[in-house]
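J.: Please see the structure below; I have some questions.
The values are calculated or read from the model by the stated rules, or taken from the named source; none is laboratory data. What you are looking at is a predicted structure, and each value in this text was computed from that prediction instead of being measured. FYI the Cβ positions are ideal-geometry reconstructions off the backbone, even for glycines, and counts take in every protein chain you see.
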Amino acid sequence: MRIVDAGAITQSAPGTDRAVFTFPALLACRDGSLLLTCRRGSDKDCADEWVELYRSLDGGRRWGRIDSEFPAAKVGGAGSSLRVVYLTEINEGHLLAASMWIDRETHPGAPLFNPRTEGCLPMGIFLADSFDGGRSWSAWRQVELPADIGPPSLTNPLIKLPDGALLLSVETNKRYEDDSKWYQRVVALRSYDGGLSWDAPSDAGYDPSGRIFNWDQRIGLTVDGRLVSFAWVYDTLDARYCNIHRRVSSDSGRVWSAAQDIGIADQAGHPAMLLDGRIILAWVDRFGSGSIRARAAADACADFDPASEVVIYKHSEKARQTRGTTGTLDDMSIWTYGLPYAETLEDGDVMVVYYAGDQRAMDIHYARLSL
């Protein structure tokens, strides 16, 4: 692979509520256009955060912001901030947005993660439809989830399965004041009525001992209908990040293969799935090379070829591992680059979007990869 084009999409404004852009997600639509969602705010964890929508009509060379904003919503009767929106194209022109909302009023001024308990602010997952390619949106409708999931984290778009069902991947969290042991897990749910109702969650990444956490699980759908996931793994006993773990499911996410260490550290991005079966995975290596890189694999179970590797972004210095889960959660609010998201383009190239900058300002950047 090689990088054939790169640039910035957003224009941050330090000292405003558009100073820090993060959480980019990319969708290649059937009409050839590209849609990008990204979170903006005055810093990385703030009550004034919101999500913006951008469109490119020329394969990602030029971008324009879509003026219509996502609608406001309430979580449990409280005001919210909007952290992330992922888009899925159901049919041409029909988009389904999945969002993660954060309640900012129940614990006024509090950070997302409680440094004492490792609990999380109240959150919710909401869905909205657009039937005009993202120019306007319906009101949000909340996804009703079992109480034992706690505040749900959304780390992947809804996936339209071959049988027409939708797959939702959700991370569990503890409630803000819950000081009990955290048994973190990832679950998968399916909807057969367009997201109006969901079946019982099935475990997609879980260590019953509570030692291993599977964070930021990214899932792709292969051309033969399998699901492949990549998890950012944290060992709470050794207080360290591990290599990325891969799992594969052949039954719509009900049962997954055993976790496989793919030999790459440490945080996976969303994979680009090619029509010939290849997978392009971008990842963040904060503690080794201090960079964002990408590699190709021949299929869902193949090794990622070191000879295919490209360096997408190189930071000025690598990070240091922080001792303890609380420290790692705090680190997430100060890191100034990451969250790569790869998408296959109409011409067979792959585009990777990510955020990068400094504490004052961060922007969404892109790199176009030719295979």
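J.: Would you be able to say whether some residue in the range 251-259 is of a type in the set (Asp, Glu) and closer than 25 Å to HIS365 by Cα?
T.: No, the range 251-259 has no match at all.
J.: In the range 176-206, what residues are charged (D, E, K, R) and more than 21 Å from the chain's Cα centre (by Cα)?
T.: Once the filter is applied, which keeps residues that are charged (D, E, K, R) and more than 21 Å from the chain's Cα centre (by Cα), the range 176-206 yields GLU177, ASP178, ASP179, LYS181, ASP193, ASP199.
J.: Counting just the residues of the range 213-226 that are of a type in the set (A, V, I, L, M) and surrounded by fewer than 20 Cβ atoms within 10 Å (Cβ to Cβ), which one comes out modelled with the highest pLDDT?
T.: Applying the filter and picking the extreme gives LEU221.
J.: Sticking with this one: Looking at the structure I just gave you, is LEU95 among the aliphatic types (A, V, I, L, M), closer than 17 Å to PRO157 by Cα, assigned to a strand (DSSP E or B) and at pLDDT 95 or above?
T.: yes
J.: Going residue by residue through the range 84-91, is there one that turns out to be at pLDDT below 95, buried (at least 17 other Cβ atoms within 10 Å of the Cβ) and under 26 Å from ALA147 (Cα atoms)?
T.: No.
J.: I'd like the residue in the range 227-269 that is crowded, with 23+ Cβ neighbours inside 10 Å and among the small types (Gly, Ala, Ser) and, out of all such residues, is nearest to the chain's Cα centre (by Cα).
T.: GLY269
Residues are listed down the side, and each one gets a yes or a no for (1) over 21 Å from GLN217 (Cβ atoms); (2) touching a residue at least 24 places away in the same chain (Cβ under 8 Å); (3) part of a loop (DSSP other than H, G, I, E, B):
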| position | (1), (2), (3) |
| --- | --- |
| GLU118 | no, yes, yes |
| ALA128 | yes, yes, no |
| GLY134 | yes, yes, yes |
| ALA139 | yes, yes, yes |
| LEU168 | no, yes, no |
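J.: Any idea how many residues of the range 1-28 are more than 24 Å from SER99 (Cα to Cα) and crowded, with 17+ Cβ neighbours inside 10 Å?
T.: Residues in the range 1-28 being more than 24 Å from SER99 (Cα to Cα) and crowded, with 17+ Cβ neighbours inside 10 Å: 1 in total.
J.: Another question about this same structure. Just wondering, is there one or more residues in the range 2-10 that are of a type in the set (D, E, K, R), under 18 Å from the mean Cα position of the chain (by Cα), part of a strand (DSSP E or B) and at negative phi?
T.: The answer is no; no qualifying residue exists.
J.: Another question, then. Just to check your reading of the model, which residue among TYR206, TYR234, TYR176 is farther than 29 Å from TRP283 by Cβ and touching a strand residue (DSSP E or B) at 6+ places or on another chain (Cβ under 8 Å)?
T.: Of TYR206, TYR234, TYR176, the one residue that is farther than 29 Å from TRP283 by Cβ and touching a strand residue (DSSP E or B) at 6+ places or on another chain (Cβ under 8 Å) is TYR176.
J.: Taking interchain pairs and intrachain pairs at least six residues apart, which have beta carbon atoms under 7 angstrom, with the first residue in the range 45-63 and within 29 Å of LEU369 (Cβ to Cβ) and the second in a loop (DSSP other than H, G, I, E, B) and among the basic types (Lys, Arg)?
T.: Listed by first residue and then by second, the contacts come to SER56/ARG62.
J.: Considering every residue within the range 193-202, establish whether at least one is part of a loop (DSSP other than H, G, I, E, B), hydrophobic (A, V, I, L, M, F, W, C), on the phi > 0 side of the Ramachandran plot and out of contact with any Ser or Thr (no Cβ under 6 Å at 6 or more places or on another chain).
T.: No, every residue in the range 193-202 fails to be part of a loop (DSSP other than H, G, I, E, B), hydrophobic (A, V, I, L, M, F, W, C), on the phi > 0 side of the Ramachandran plot and out of contact with any Ser or Thr (no Cβ under 6 Å at 6 or more places or on another chain).
J.: Please go through the range 273-291 and give me each residue that is part of a loop (DSSP other than H, G, I, E, B), of a type outside the set (A, V, I, L, M, F, W, C) and either buried (at least 17 other Cβ atoms within 10 Å of the Cβ) or at pLDDT below 95 (or both), ordered by number.
T.: ARG278, ARG286, GLY288, SER289, GLY290
J.: Moving to a separate point now. Among the residues of the range 160-200, count how many are surrounded by fewer than 16 Cβ atoms within 10 Å (Cβ to Cβ) and of a type in the set (Phe, Trp, Tyr).
T.: Residues in the range 160-200 being surrounded by fewer than 16 Cβ atoms within 10 Å (Cβ to Cβ) and of a type in the set (Phe, Trp, Tyr): 2 in total.
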